[in-house]
1. When the range 32-56 is examined, which residues are found to be part of a helix (DSSP H, G or I), of a type in the set (A, V, I, L, M) and surrounded by fewer than 17 Cβ atoms within 10 Å (Cβ to Cβ)?
2. Could you figure out which of (1) at pLDDT below 90; (2) of a type outside the set (Val, Ile, Thr); (3) in contact with a helix residue (DSSP H, G or I) (Cβ under 6 Å, 6 or more places away or on another chain); (4) surrounded by 14 or more Cβ atoms within 10 Å (Cβ to Cβ) isn't true of Ala66?
3. Of the numbered conditions (1) surrounded by 14 or more Cβ atoms within 10 Å (Cβ to Cβ); (2) at pLDDT below 95; (3) part of a strand (DSSP E or B), Val74 fails exactly one; give the number of that condition.
4. Of (1) closer than 15 Å to Leu36 by Cα; (2) surrounded by 15 or more Cβ atoms within 10 Å (Cβ to Cβ), Ala59 satisfies all except one. Which?
5. Looking only at residues in the range 91-109 that are assigned to a helix (DSSP H, G or I), out of contact with any Gly (no Cβ under 8 Å at 6 or more places or on another chain) and touching a residue at least 60 places away in the same chain (Cβ under 8 Å), which one is surrounded by the most Cβ atoms within 10 Å (Cβ to Cβ)?
6. Any residue at all in the range 77-85 that's crowded, with 21+ Cβ neighbours inside 10 Å, within 23 Å of Leu26 (Cα to Cα) and modelled with pLDDT under 95?
Amino acid sequence: MEAHSGAHEVDFHSTVPHDDLVGSGLERLVLDTSGLPAERVDSFVSDLAAGAYGEVVRAKGFMPAAEGCALVDVVLGAWEVRRFGSAPLYIDVIGRNLKTNEMETALTHGFKELACTA
């Protein structure tokens, strides 16, 4: 019997281009995180992964940290935040039924427009 690592096979020759998310029933949202207080990063990312802002399939990018920034990675409910040096502060979110207004309110209490549909 062959051992498997649990990884799924990936078809690198897929006919669905990454940019054709709408055709796949997915939405893409790019969030400016420059105004997010560093102490809110973990709770926001945890909520994002748990589905509080829609069905997030993938999110990645950078958020403020006490020093430099934090590299954020969310994949199908699992999440990780790691220290990183300097980088542009944004996060790219891909999923279904994304709750843009709720994300904006959670990050800024509605004081700043930070979300734009890509």
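1. To start, the set of residues in the range 32-56 that are part of a helix (DSSP H, G or I) comprises 38-50.
Add one more test, that the residue is of a type in the set (A, V, I, L, M), and what stays is 38, 41, 45, 48-50.
Answer for the range 32-56, where residues must be part of a helix (DSSP H, G or I), of a type in the set (A, V, I, L, M) and surrounded by fewer than 17 Cβ atoms within 10 Å (Cβ to Cβ): Ala38, Ala50.
2. (4)
3. Evaluating Val74 over (1) surrounded by 14 or more Cβ atoms within 10 Å (Cβ to Cβ); (2) at pLDDT below 95; (3) part of a strand (DSSP E or B) leaves (2) as the failure.
4. That leaves (1) as the condition not met.
5. Going through the range 91-109, the residues assigned to a helix (DSSP H, G or I) turn out to be 100-108.
Narrowing the set further to residues that are out of contact with any Gly (no Cβ under 8 Å at 6 or more places or on another chain) leaves 100-103, 105-106.
Cutting the leftovers down to touching a residue at least 60 places away in the same chain (Cβ under 8 Å) gives us 100, 103, 106.
Numbers: Thr100: 17, Met103: 22, Ala106: 18.
Step by step, filter the range 91-109, then rank; the result is Met103.
6. In the first step, residues of the range 77-85 are kept if they are crowded, with 21+ Cβ neighbours inside 10 Å; the result is none.
Among the residues of the range 77-85, not one is crowded, with 21+ Cβ neighbours inside 10 Å, within 23 Å of Leu26 (Cα to Cα) and modelled with pLDDT under 95, which makes the answer no.
The values are calculated or read from the model by the stated rules, or taken from the named source; none is laboratory data. What you are looking at is a predicted structure, and each value in this text was computed from that prediction instead of being measured. No Cβ is skipped: glycine too gets one built from the backbone with ideal geometry, and neighbour counts run over all protein chains shown.
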